[in-house]
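The values are calculated or read from the model by the stated rules, or taken from the named source; none is laboratory data. Remember, it's a predicted structure, so these values are computed and weren't measured experimentally. Cβ: placed from backbone, ideal geometry, glycine included. Neighbour counts: every protein chain shown.
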Amino acid sequence: MKTFPNKILTKSQAEQALDTAVALVRQNLPLYTDHCQNHSSVHDIYPQCENNQWTCGFWPGEVWLSYERTSDAAFKNTALTLVDSFLYRIENKIEVDHHDMGFLYSPSCVAAYKLTGSEKGRRAAILAADQLCTRFQEKGSFFQAWGPLGAKDNYRYIIDCLLNVPLLYWASETTGDAHYAELAHRHVTTCLANSIRPDGSTYHTFFMDPVTGAPVRGATCQGYKDDSCWARGQAWGVYGTAISYRYTKRPEYLEAFRRVLSYYLDRLPEDLIPYWDMTFTEGDTEPRDSSSASIVACGLLEAAKYANPDQAAEYTLLAAQMLGSVAEHYAVRQGPQGIGLVRHGTYSKKSPYNTCTPEGVDECVSWGDYFYMEGLTRLTKDWTLYW
Ligand code: GLY
């Protein structure tokens, strides 16, 4: 496996960086208790939004991580207020006709249940798992990501869904109903069979045939072009396979983890923070996606638990180097209320070849802040996953 000479973040440096992040979260509590935080910042400041985006779960996740670090009731009170909002959202089916139930309900409501025993959190998360199950397509065995169910032009899944299916592993554990985890396994099997190319890079989205269920073709939405490799898709691949291995112990998931990780490492620039698409390498002037670095670091720290001692040491070292680079060069130390935690994330950058709506280019992104805090937390203690 490729190794790097970069500085590592020590445990005490991780604690300091986490405390800096927690102070910023504390400063931002008044803005995002009765509102949610927008998916990305505008000049590093997050607008408020209603609880109607796919990203609204990350801010409550940051608040729960802050509560874990400090035991301060101010964080718990805000996070539980947000749980009420998430229960209302799923009970009233507000903007939930898509697959992003895990991104929404794991760091907000599963976390609430695990940390405080919140029955509202558990109920909301089970309803969200049920909602995700309604998007399972028997023809092709996958969760349809977007659009009306069965629509021919949207009969596809996306690699990001690897972070939605952990909600189903949890739902099986908490209810004793194996159905959730079975659908998760069927989806992940389809995804790994089609979305990983022979060189270990990944397609962002993958179309299936609505009549026969056969795989049709890979295509991008947020990457540079169909046959390039969107950095965050690769990062979801790294972390998602590690989490699926955690819950299932299926060797093919760990094998997939190694393949997507290897491609990712081979394409990194010197400071270990990828460009938004991995077609761009050292010296390019394209924006970075710092969030991918934190997501991959979390995947490495999860996979280290199941690796042999030498490999575990390598994974942990790499994660500490990646998070060290984010902490030293990308993390915010102070700023006005509403400021994000990590600069230079990229949500969706338009290219001549992709289909995305341009948003949040070279900005703070809500999940980038969350996974940075999760990674730092993982470096400071044996952390119980929200996923
Ligand atoms: N799941 C959408 C994204 O990563 O931007």
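Results, tabulated for the structure shown:
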quantity	calculated
Near pairs, Cβ below 9 angstrom, 6+ apart or cross-chain, from the stretch 214-240 (under 20 Å from SER366 (Cβ atoms)) to any residue that is more than 16 Å from the ligand (Cβ to nearest atom) and among the charged types (D, E, K, R)	ALA231/ARG267; GLN234/ARG267; TYR239/GLU302
Single match in LYS305, LYS350, LYS381 (criterion: in contact with a Pro (Cβ under 7 Å, 6 or more places away or on another chain) and not acidic (Asp, Glu))	LYS350
Residue match in the stretch 308-322 (condition: within 16 Å of the ligand (Cβ to nearest atom), assigned to a loop (DSSP other than H, G, I, E, B) and out of contact with any Asp or Glu (no Cβ under 7 Å at 6 or more places or on another chain))	no
Every pair of residues 6+ apart whose Cβ atoms lie under 7 Å, when the first sits in the stretch 361-387 and is among the hydroxyl-bearing types (Ser, Thr, Tyr) while the second is within 14 Å of the ligand (Cβ to nearest atom) and at pLDDT below 95	none
Positions within the stretch 274-306 being surrounded by fewer than 24 Cβ atoms within 10 Å (Cβ to Cβ), of a type outside the set (Ser, Thr, Tyr) and within 16 Å of the ligand (Cβ to nearest atom), in sequence order	PRO287, ARG288
Extreme residue, nearest to the ligand (Cβ to nearest atom), among residues of the stretch 364-385 that are among the charged types (D, E, K, R) and either in a helix (DSSP H, G or I) or within 17 Å of the chain's Cα centre (by Cα) (or both)	ASP369
Failed item in (1) touching a helix residue (DSSP H, G or I) at 6+ places or on another chain (Cβ under 7 Å); (2) at positive phi, with HIS43 passing the rest	(1)
Any chance ARG246 is assigned to a helix (DSSP H, G or I) and either in contact with a Gly (Cβ under 8 Å, 6 or more places away or on another chain) or within 16 Å of the ligand (Cβ to nearest atom) (or both)	no
Residue satisfying condition, being in contact with a Cys (Cβ under 6 Å, 6 or more places away or on another chain), over 25 Å from ALA79 (Cβ atoms) and either among the polar types (S, T, N, Q) or crowded, with 23+ Cβ neighbours inside 10 Å (or both), within set PHE143, PHE206	PHE143
Inter-residue pairs, beta-carbon under 9 Å, first of a type in the set (D, E, K, R) and in the stretch 174-196, second modelled with pLDDT of 95 or more and crowded, with 17+ Cβ neighbours inside 10 Å, 6+ apart	ASP177/ALA171; GLU182/LEU168; GLU182/SER172; ARG186/PHE136; ARG186/SER141; ARG186/PHE142
Residues of the stretch 208-243 classified as part of a helix (DSSP H, G or I) and either within 14 Å of the ligand (Cβ to nearest atom) or in contact with a Leu (Cβ under 6 Å, 6 or more places away or on another chain) (or both), total	10
